[in-house]
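This report concerns only the one structure given below.
Nothing in this text is a laboratory measurement; each read-out follows from the coordinates by a stated rule. What you see is a predicted model; the values in this text were computed from it and never measured. Here the Cβ positions follow ideal geometry from the backbone for every residue, glycine too, while neighbour counts run over all protein chains shown.
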Amino acid sequence: MKKVFVNLLVCVMVIIAFAGCSRKSEKASTKNDNKIVIGFAQIGAESGWRTAETSSIKDTCANDPDVELKFSDAQQKQENQIKAIRNFIAQKVDVIAFSPVVESGWETVLTEAKDAGIPVILVDRGIEVEDESLYTTFIGSDFVEEGKNAAKFLIDHFGEDKTVNIVELQGTVGASAATDRKKGFEQGIESEEKYTIIESQTAEFTRSKGKEVMEAFLKSQGDKIDVLYAHNDDMALGAIQAIEEYGLVPGKDIIIVSIDGVKDAFVAIKDGKLNCTVECNPLLGPQLVQAAKDLVDGKTLERWIKSNEDVYYGQKAIDAFDIRQY
Ligand code: GYE
């Protein structure tokens, strides 16, 4: 009897000791250890930029002993992202992060996360919600500024007097990265009467669509096109192929500016086929993990954790090539 009592006492003490050293209240009891669990709902793998972002997030989490990542790929579909977020809520993760494929339609699922007491971080794209408390912070770039920088490059290149006919390849319809890059670019050329966007269509941020839509632009506008403005490098790279196949020289007959700054864009600048890439930093893993840790520690985050970025063209792009990480 005494032995049973001693055993029981030992069990109770062990349980108390475990509960005492647990960093996170009741949630910790559902997990094997004391790691911070981040559920990340990625959009997909539509561009070189996104692949670089995914690697940055996966690598940062894998190399941090205090963090566990649950990763989901939505294959470009909002409904899949919503499903993934619901799964994360059911699994009681500590922090939910996601790159919203489009800006609208998140209220219901984010209210569910809020009701479950799980903080949400937006990674690289923004959303439109009335209740701002549905997310804690946005980590990413100023897309309006990127669009303005693309326009500024063109104005510096052509000057004010020339007539400049522009075709535009937009990103995914409804994505903040597309809406704001369009807006910023339009604001950038607003005061230049001779600059006109003669065609503008989505190519969904992919190389294959970029080629396809550029073929259509060339068919309808042909030699009238002076400039291609693409919301990301991948679409510009696809379009470059279309321009070559059409018999024009990309980078000369048609001046091309795009956004992201992936390594392939630097190769194209080196080859003289792309004129400028406006950098958008995809290496957001370290900032995401830091933000998740801060939230678990009860800290309040800035509403917008901005990325530092640059604009690359000419010799500056060639010099920077070797140290590009993605
Ligand atoms: O520019 C593009 C991608 O949301 C900032 O999405 C991101 C954009 C990036 O697929 O290449």
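Scanning the chain for trypsin sites (Lys or Arg not before Pro) lying in DSSP loops with no more than 13 further Cβ atoms inside 10 Å, the longest uninterrupted stretch between such sites is 78-161.
Put a plus charge on the Cβ of each Lys and Arg, a minus charge on the Cβ of each Asp and Glu, and nothing anywhere else: the dipole of region 104-251 about its Cα centre is then about 380 debye. The HN-Hα couplings worked out from phi for region 272-280 by the Karplus form 6.51 cos²θ - 1.76 cosθ + 1.60 (θ = phi - 60°) are x, 9, 10, 9, 7, 10, 8, 6, 9 Hz, whole numbers, x standing for Gly and Pro. With contacts taken as Cα pairs under 8 Å and at least 6 residues apart, region 180-273 reaches a relative contact order of 26 percent.
Considering only the Cα atoms of the chain, their convex hull presents on average a projected area of 19.4 nm². The amide H of residue 279, built 1.01 Å from its N in the peptide plane, has 260, 310, 311, 312 as neighbours under 5 Å, considering only residues 5 or more places off or on other chains.
Using the Karplus relation 6.51 cos²θ - 1.76 cosθ + 1.60 with θ = phi - 60°, the per-residue 3J(HN,Hα) values for region 83-88 come to 4, 4, 5, 4, 4, 4 Hz, with x marking Gly and Pro. Of 172, 277, 111, the residue with the greatest mean-square motion in the GNM of the chain, using alpha carbon springs below 10 Å, is 111. For the chain, the longest principal axis of the C-alpha atoms and the axis of helix 48-62 are separated by about 20°.
For residue 195, the residues whose amide H sits under 5 Å from its own are 164, ignoring neighbours fewer than 5 places away on the same chain, with H placed 1.01 Å from N. Rounded to the nearest 500, the 222 nm mean residue ellipticity of the chain from helices alone is -14000 deg cm²/dmol, with -39,500 (n - 2.57) taken per DSSP H run of at least 4 residues. Charged neighbours of residue 44, selected by a Cβ distance under 9 Å, balance to 0 (K, R count +1; D, E count -1).
Rounded to the nearest Hz, the phi-derived 3J(HN,Hα) couplings of region 207-221 under the Karplus curve 6.51 cos²θ - 1.76 cosθ + 1.60 (θ = phi - 60°) are 5, 5, 5, x, 5, 4, 6, 5, 4, 5, 4, 5, 4, 8, 10, where x marks glycine and proline.
Taking amide hydrogens as placed 1.01 Å from N in the peptide plane, the amide H of residue 305 sits under 5 Å from those of 138, 139, 140, each at least 5 positions away in sequence or on another chain.
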